[in-house]
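Just so you know, all these numbers are worked out from the coordinates, no wet-lab data involved. Computed from a predicted model, the values in this text were never measured in an experiment. Because the Cβ atoms are built from the backbone with ideal geometry, glycine has one as well, and the counts that use them run over all protein chains shown.
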Amino acid sequence: MTPPTRRMQRSPVGGRSRSPVAVTARVMESKSEAGTILVVDDSATIRAQVRAALEAEGCFGDVIEADDGLGAFKLAIARHPDLIVCDLNMPRFDGLKLLALFSSHDELSSVPVIMLTAEADVDRKVELLERGASDYLTKPFQAKELVARVGVHLRLKLAQDELRRLNAELEALSNTDGLTGLFNRRYFDGILSCEIARSNRYRTPLGVIMIDLDHFKQVNDAHGHAMGDLVIKNLAAVAMATVRETDVVARYGGEEVVVVAPQTDVRGTAELAERLRAVVAATDHEQGGTTLRNTASFGVACYDAFAEELTAESLLSRADEALYRAKEGGRDRVVVWTPSAPAAHCA
């Protein structure tokens, strides 16, 4: 049996996140380097003038249009423009209402808006900037000035997007184990603390599974570290493909992997561990013409918020103790920690 492809994971803050590698890959959708510009004006003539000025320059991407603020908002949700040129005074839904709507919408709050206004009053222009406009142009506008202002704000917006993308990528990498693509130990500690807090609040059980590859040193000694790395990566892939969508898998250290199973009691966690044990034992590891199989031992511990209060450390300690008993008992088995006896074999 060859190891399956890993699926994606869930974040510790409640959303259905994905594996860190997958998160990095989809942090920011690629856009045209020149950007997309939305022109908003109730006058078709003004929209045509703005479009002609931008397209004549030949350095901008798509130019899309809307004839009022509400239509602009709907189009912005669908097309995600990089910059908006918007008339201030429009019937039904004017520029100020559009600014207010954008400021309350996370996906649009960072989009620069250049307001077009026929008003020369300085206080009115200051109000536009205070309400969230990035810049303004007084009608009738000069095409060169429009192009220059659009260029400045568009370059700044695209640079900020790239910076956010890189920061998100760095954050994802800081939470990722480089060998397996699983969450790393630091990130896992945060996940477990959040899940225990959630169990306490909603009075739901929480399961933890500690997994340790059997005789792993012998694999490295007999077949080299490349084979050892492959076995660890395959263990990660098997775990990710076997656990449920709501479970979280992390590399705990060395050849150890840990699974957090929210809203899962002792029986459910033990059954999950047994499924994992069987799949791990049946997985082929192929490297340099050599094929081998390697088993793993499993320690299970569960937290019942009705019965007691546990810290993350004490829950992990119980799972680790059960794992030790599994190793002592002959390996390739699941052992569950119980209150009456520190560890008891799972049926």
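Numbers at a glance
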{"read-out": "Cβ crowding within 10 Å averaged over residues, with 297-303, 262-268, 248-254 ranked highest first", "value": "297-303, 248-254, 262-268"}
{"read-out": "Simple label model, 7 Å out from Cα along Cβ direction - residue 103 to residue 161, nm", "value": "2.4"}
{"read-out": "Chain lengthening between residue 317 and residue 120 when straightened (0.36 nm per residue, less Cα-Cα)", "value": "63.9 nm"}
{"read-out": "Most mobile listed residue (260, 126, 335) in the chain, GNM with C-alpha springs under 10 Å", "value": "126"}
{"read-out": "Angle between the chain longest axis and helix 69-79 axis [Cα atoms, degrees, rounded to 10]", "value": "40"}
{"read-out": "Computed over the chain: relative contact order in percent, which uses C-alpha pairs under 8 Å that are six or more apart", "value": "17"}
{"read-out": "Label assignment, log10 I(q)/I(0) by the Debye sum over Cα atoms at q = 0.08, 0.14 Å⁻¹ derived from the structure, set (1) -0.34, -1.15; (2) -0.58, -0.97; (3) -0.44, -1.20", "value": "(2)"}
